[in-house]
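None of the figures in this text is laboratory data; all of them are computed from the coordinates on show. Source: prediction; values computed, not measured. All Cβ positions, even for glycine, are placed from backbone atoms using ideal geometry, and neighbour counts span all protein chains on display.
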Amino acid sequence: MQQQWPSFTVVEHPLIQHKLSLMRDRNTSTAEFRRLLREISLLLAYEATRELPLAATEIDTPLERASFPLLAGKKLCLVSILRAGGGILDGMLDLLPSARVGHIGIYRDPRTLQAIEYYLKLPDDLAERDVILVDPMLATGNSAVAAILRLKELAARSIKFVCLVAAPEGVAKVSNVFPDVSIVAAALDRCLDAHGYILPGLGDAGDRLFGTK
Ligand code: URA
């Protein structure tokens with residue numbers, strides 16, 4: 001399946017799979033859901049940043065001066081799609097505390113499932129930054145495509161999309177429209193239902209994260 005979308009990766013690490021299964025359980029509390037999402041996000045950040053460039057730097061250890069790798073440039077920007085993206089953002093910031101942060105507010109029209117942007121706040125120097133765009137659920141792909149279009153319009157240097165659960169429909173859409181955007185997910189589920197929810201999925205990620213339902 002993944003060969004169909006060369007830019008798509010499922011991170012099959014047992015810790016991620018275990019924690020995601022707990023998140024799917026309808027009886028998992030809001031507090032537990034939030035904690036698990038934060039923990040998985042930290043692990044997904046590890047995968048999403050695996051190609052960050054390093055530069056040799058002289059460092060004085062207590063015994064001698066030698067050359068060691070440090071991150072080169074560190075021009076990262078995490079962009080969260082409101083509101084559920086905030087759950088991934090928190091975990092990623094634990095690992096990347098000095099990354100810049102942007103927000104894109106997008107909601108799905110419940111009738112047409114089309115993405116409508118209502119908020120945008122990004123760093124001014126996006127053209128010099130590699131962006132990791134985050135949203136837990138890649139469902140129809142409409143929100144992801146709208147957000148990526150906006151980031152490209154503002155000339156982001158590169159874009160990676162990180163989600164928790166992806167539907168084949170969403171992966172196909174994003175990778176067909178933007179073959180240059182890599183997608184990292186913790187799982188690829190079966191399909192969407194008639195309302196655009198992922199099956200089996202975990203329900204509404206925003207509601208479960210914030211306890212709004
Ligand atoms: N958004 C969600 O929160 N859940 C889904 O299953 C699909 C989109």
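Table for the structure above
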| read-out | value |
| --- | --- |
| Qualifying residue in segment 140-151 (condition: in contact with a Ser or Thr (Cβ under 8 Å, 6 or more places away or on another chain) and surrounded by fewer than 19 Cβ atoms within 10 Å (Cβ to Cβ)) | no |
| Lone unmet requirement of (1) closer than 19 Å to residue 5 by Cα; (2) part of a loop (DSSP other than H, G, I, E, B); (3) touching a Lys or Arg at 6+ places or on another chain (Cβ under 9 Å) for residue 144 | (2) |
| Where a residue in segment 189-213 is without any contact (Cβ under 8 Å) to a residue 40 or more places away in the chain and its partner, wherever it lies, is more than 8 Å from the ligand (Cβ to nearest atom) and in a helix (DSSP H, G or I), with Cβ under 9 Å and at least six apart | 189/168; 190/168; 191/168; 191/169 |
| Pick from segment 93-133, criterion within 23 Å of residue 38 (Cα to Cα) and β-branched (Val, Ile, Thr), ranking: nearest to the ligand (Cβ to nearest atom) | 106 |
| Residue in segment 187-210 that is in contact with a helix residue (DSSP H, G or I) (Cβ under 9 Å, 6 or more places away or on another chain), within 15 Å of the ligand (Cβ to nearest atom), under 22 Å from residue 50 (Cα atoms) and in a strand (DSSP E or B) present | yes |
| Failed item, numbered, when residue 120 is tested on (1) closer than 16 Å to residue 78 by Cβ; (2) more than 16 Å from the chain's Cα centre (by Cα); (3) in contact (Cβ under 8 Å) with a residue 60 or more places away in the chain | (3) |
| Helices (runs of 4 or more DSSP H) wholly inside segment 1-120 containing at least 2 residues that are touching a Gly at 6+ places or on another chain (Cβ under 7 Å), crowded, with 18+ Cβ neighbours inside 10 Å and on the phi < 0 side of the Ramachandran plot | 30-48 |
| Top-ranked residue in segment 165-186 [being in a strand (DSSP E or B) and out of contact with any Asp or Glu (no Cβ under 8 Å at 6 or more places or on another chain); ranked as nearest to the ligand (Cβ to nearest atom)] | 185 |
